[in-house]
Each structure stands twice: as structure tokens, then as C-alpha cells.
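The values are calculated or read from the model by the stated rules, or taken from the named source; none is laboratory data. What you see is a predicted model; the values in this text were computed from it and never measured. Heads up, the Cβs are rebuilt from the backbone with ideal geometry, glycines too, and the neighbour counts pull from every protein chain shown.
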Amino acid sequence: MAPRHQCARPHKRYGYWYLVRRVPRRFSAYDARNPVMLSTGIRIADDPRALVAEAAVQKLDRGLERYWLDLSAGRDGDAVSRYERALETARHVGVPYMTADMIAAAPVEQIVRRIELIEARDAADKPTDVTAILGGQDVPPLLLSQMMDEFQKISEAHLVGKSEQQKKRWRTPKETALNTFIAVIGGDRPMRDVARTDVIAFRQHLLDRIIGEEIEIDTANKIIGHVSGMFVTINDVNQYGLPAVFAKARISGGKDKQRVAFDPKFVQTRILAEGLFDELNDEARGLIYLVIETGLRPSEACNLDRATIRLDHEIPHVQVRPDGRQIKTDDSWRDIPLVGMALKVVQKHPNGFPRYRDKADSLSALVNKAFEARDLRPEPGQSFYSLRHTFEDRLTAVETPEKVVAALMGHKWHRPRYGKGPSLELKRKWLKRIAFRSPKRI
């Protein structure tokens, strides 16, 4: 797909938010409009800061790009929208959408029922109803390169509550896997033209990479899963009726990997050594110490702010809340008392860590690189995130009640819930038992 227009943003027109774009030169022969103005249908008065309109404009922009690409490739740019309209109308009148060929092959009573439905609705002069009931719109060919945008549209409900960074993390591996598939099978083509032999070639490509020790089996299966998941979902939702070409494509022999925890003595003597991270910026250094002492996920620590840092409370603590992003599970919603160096870190950063807000991946990359440079990963599989597993091991070593461990880790408690759960005071009691000696410089 062509590079996305980088400046697509909401424009004010006639009391509504609009997408306003000039037609790129390479598409000017196919679209006489200049500029193109498309309404989001969102009133400026209802969304004065364009918070909702921003997403709507991006969606319109993707559709416009796809429309231009279809036209330039000789495809009917409106075919998808007409097909979607036919599907929706058919659902509204109470019949499943079927193309004319499918209806012609159906039992006579089904054909008669559809004709009677047109008569009952007095819809003979309503082209939209006739098309929907009698299958007047062929299934449009969706290109493989269009699958990602189509899948994102289908997944909109799943993406509600995710921040832009989380949406990017959700999209990127799927998009990368899809691009790999397209390259392996020799280029873009309609979904309906994908054959089982294409899937086998894709699988063999990944097998060759496994044999060459470029990737592991689990990684290969994730790549297959991304492409097959999009293919199957789009096929099902849009009622394309395509064969199950991705069936049994997974590669056997993979295994789940567990992150390896650091030994607590290693953390105290090596990772918490004086001056070891003086070269890092203050926020990154503070976040390392905060994760060590609280067991917070890096993404949770990065997104703390003035509202979720409670230094003025009788028991200073931090609150893990969604706050503009989707947290991992409902059980992740929790309060963590601050003790030892965690309290010192938060006192130094009472407004949180703006440099890394919603950028936990950047923090983890920096910290893992710093660990590698300082020879702080003695065992394979150890990483910044491993400090969270060390935190859990330390709680277990002092025989912390399982319910308290679950409340501190943000894990599901696999027993019926009674009462409000462990108090801040109780959680602080156990955190004090495992607190590390703090470096002088936080």
C-alpha cells in the first residue's frame, strides 16, 4: 500500500470536522476533486478538541488511499462500499446476503421467498433493496495489501481503550507478517486468489529460517498466526466463502519460554551497585529502581503521573489505572505501597516519568542495552522485565500469603473474593520485609 499521508488531521467546515486532502499527483488522472472534503459526521460543538474526530479522520484517510489505489489499478473503487451496503441492507430486511449466482443455485422456495419479500416491502423501485435481496452486488476482490486496514476496521471494538502506542504495537507485528507473506508468494493479489500452495510456500520459507537459526519455531507460528487470523476473520465477517487454505499450517515442536528471574543477591550486589547507572538519564535510572522495588510492569511504571502517585496519603503509594491506555487485565488495577528506594524515586519524580509515558518499549530497549553493556544478564533469557519475576520470588521466599502476592503482582486470585482484599498497610508490611538497600544516588 502507498505510504500514508502524514498530515491527515481534522479540519473545521460548516460546523463539522472534515478530512480535507489534495489529490496526490500520481492519482490526479483518476479523481477530479481537488481538494477532497469528507465529513466525519462529528459536530465541532460535540468534540471541540477533535479527540474523537482525529480517529475518524484517520479512518477516512485510509479509505481514501485505498479508493485511489483501487482506481489506479483498474479496480472499482466503490465496489467495497457498495458490497458492505448490500450486506447491511440484507441484514436489515432479514435475509442473509447471497450473490445472484448463489441465489440461482438455491432451492426454488428460497428464490420465491426473496421475490415475495420485495413485493411485501413494495421495494421493486428501490434499487438498494433489490440489490441486497437478489444479490445484485458481486463480492469485491480485497487485496492482500488491504487486509490490515480491513482487519483493523473489524477489530475496532477490541481496540477501544488502547492508547495510540498500544494500537501501534498491536498492528505492527501483523503488518510485518502480512508483508512477508506477500513477498514470499510473489506479490500482491486478491484474497480469493490465495491458494493452499501459497500457504505451503510461506510455511516452507519460515521452516528454512528456523533451520538457518534466524528465528525459532514459536516465532514462526506467531507469524503464521497473524496472517491466518486476519484471513479467516475477514473471510468470515465479509462472507466471502473462501476455502480454509491456512488449515493446519502451524509448525510443530515449539515450546513456551519463561523469562528467567535474577537472583536477589545479584540484584543487590551488582544491579544496585553505587554509580552503575549514573550515565543513564534520571527517569530511566529511577524506573529501574522502581520496578525492582515494586514489581510493577515497565509499562505501568512509565505511565504513573500526578493523579496516580499518592505521596500525600498516610501510606504513600501508587495506583495502577488505565488512564488513557488499556491495562493488561482487570486484576492489574491495584495500589502498591512505596517503601525503600521506590519511595525515594517517586519523591524525586512526583509527576511521574513524562519522557517514557506510553513508551515502555523505548525504556526496555535502553535498559536491556545498558544491562548488556554492564554484563548484567548472566543467564540466557534475562531482561529488564525479569526484575518483576525476581520481585515475585522475593515475596515467595519470605512466605508472603498468596492473596497478598496476587494483589501486589496484579495477578488473578483463583479463589472466591470476599471483602476488599489486602489493605495498603498489610501490603506495606510484606514489602518492607523484602526491601533492598538503596544506592545513594536515585
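Data table
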| quantity | calculated |
| --- | --- |
| Qualifying helices (runs of 4 or more DSSP H) (wholly inside the stretch 331-442; at least 2 residues being in contact with a Phe, Trp or Tyr (Cβ under 8 Å, 6 or more places away or on another chain)) | 340-348, 360-373, 386-397, 402-409 |
| Residue in the stretch 93-115 that is closer than 30 Å to PHE27 by Cβ and in contact (Cβ under 8 Å) with a residue 60 or more places away in the chain present | no |
| Hits in the stretch 90-144 - residues which are closer than 30 Å to LEU178 by Cα and in contact with a Lys or Arg (Cβ under 9 Å, 6 or more places away or on another chain) | TYR97, MET98, GLN137, VAL139, PRO140, PRO141, LEU142, LEU143, LEU144 |
| Qualifying residue in the stretch 250-261 (condition: exposed (fewer than 15 other Cβ atoms within 10 Å of the Cβ) and not in a loop (DSSP other than H, G, I, E, B)) | no |
| Residue check, ARG374 surrounded by fewer than 17 Cβ atoms within 10 Å (Cβ to Cβ) and either of a type in the set (Lys, Arg) or at pLDDT below 90 (or both) | yes |
| Set ILE223, ILE217, ILE182, ILE234: member being assigned by TED's automatic domain parsing to the domain that holds SER252, among the hydrophobic types (A, V, I, L, M, F, W, C), closer than 25 Å to HIS92 by Cα and surrounded by 14 or more Cβ atoms within 10 Å (Cβ to Cβ) | ILE234 |
| Flag if PHE384 is modelled with pLDDT of 95 or more and among the hydrophobic types (A, V, I, L, M, F, W, C) | no |
| Count of residues meeting criterion [surrounded by 19 or more Cβ atoms within 10 Å (Cβ to Cβ) and either at pLDDT below 95 or in contact with a His (Cβ under 8 Å, 6 or more places away or on another chain) (or both)] in the stretch 409-427 | 3 |
| Matching residues in the stretch 161-195 - criterion: being free of Cβ contacts under 8 Å to residues at least 60 places away in the same chain and in a loop (DSSP other than H, G, I, E, B) | ILE185, GLY186, GLY187, ASP188, ARG189, VAL194, ALA195 |
| Filter result for the condition that a residue is closer than 25 Å to LEU64 by Cα, polar (S, T, N, Q) and not assigned by TED's automatic domain parsing to the domain that holds LEU60, over GLN110, GLN152 | GLN152 |
| Inter-residue pairs, beta-carbon under 8 Å, first over 12 Å from VAL184 (Cβ atoms) and in the stretch 200-223, second of a type in the set (Lys, Arg) and exposed (fewer than 14 other Cβ atoms within 10 Å of the Cβ), 6+ apart | ILE217/LYS255; ASP218/LYS255; ASP218/LYS257 |
| Complete set of residues in the stretch 26-71 that are at pLDDT below 80 and among the hydroxyl-bearing types (Ser, Thr, Tyr) | TYR30, TYR67 |
| Per-region count, the stretch 211-236, residues touching a helix residue (DSSP H, G or I) at 6+ places or on another chain (Cβ under 8 Å) and over 22 Å from ILE154 (Cβ atoms) | 4 |
| Any hit, the stretch 264-284, residues being of a type in the set (A, V, I, L, M), in a helix (DSSP H, G or I) and closer than 14 Å to LYS344 by Cα | no |
| Single condition ILE211 does not satisfy, out of (1) assigned by TED's automatic domain parsing to the domain that holds TRP170; (2) surrounded by 14 or more Cβ atoms within 10 Å (Cβ to Cβ); (3) of a type in the set (A, V, I, L, M) | (2) |
| Counted residues, the stretch 294-308 - those being surrounded by fewer than 19 Cβ atoms within 10 Å (Cβ to Cβ) and among the polar types (S, T, N, Q) | 1 |
| Yes/no for GLU109 being closer than 27 Å to SER228 by Cα and among the charged types (D, E, K, R) | no |
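For every residue, the table says whether it meets (1) at pLDDT below 90; (2) farther than 24 Å from ILE154 by Cα.
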| residue | (1), (2) |
| --- | --- |
| LYS168 | yes, no |
| THR172 | no, no |
| THR180 | no, no |
| GLY187 | yes, yes |
| ARG196 | no, yes |
| ARG203 | no, yes |
| ARG209 | yes, yes |
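Here is a yes/no grid of residues against (1) surrounded by 15 or more Cβ atoms within 10 Å (Cβ to Cβ); (2) under 26 Å from the mean Cα position of the chain (by Cα):
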residue	(1), (2)
ASP198	yes, no
LEU207	no, no
SER228	yes, yes
VAL245	yes, yes
ALA273	no, no
LEU276	yes, no
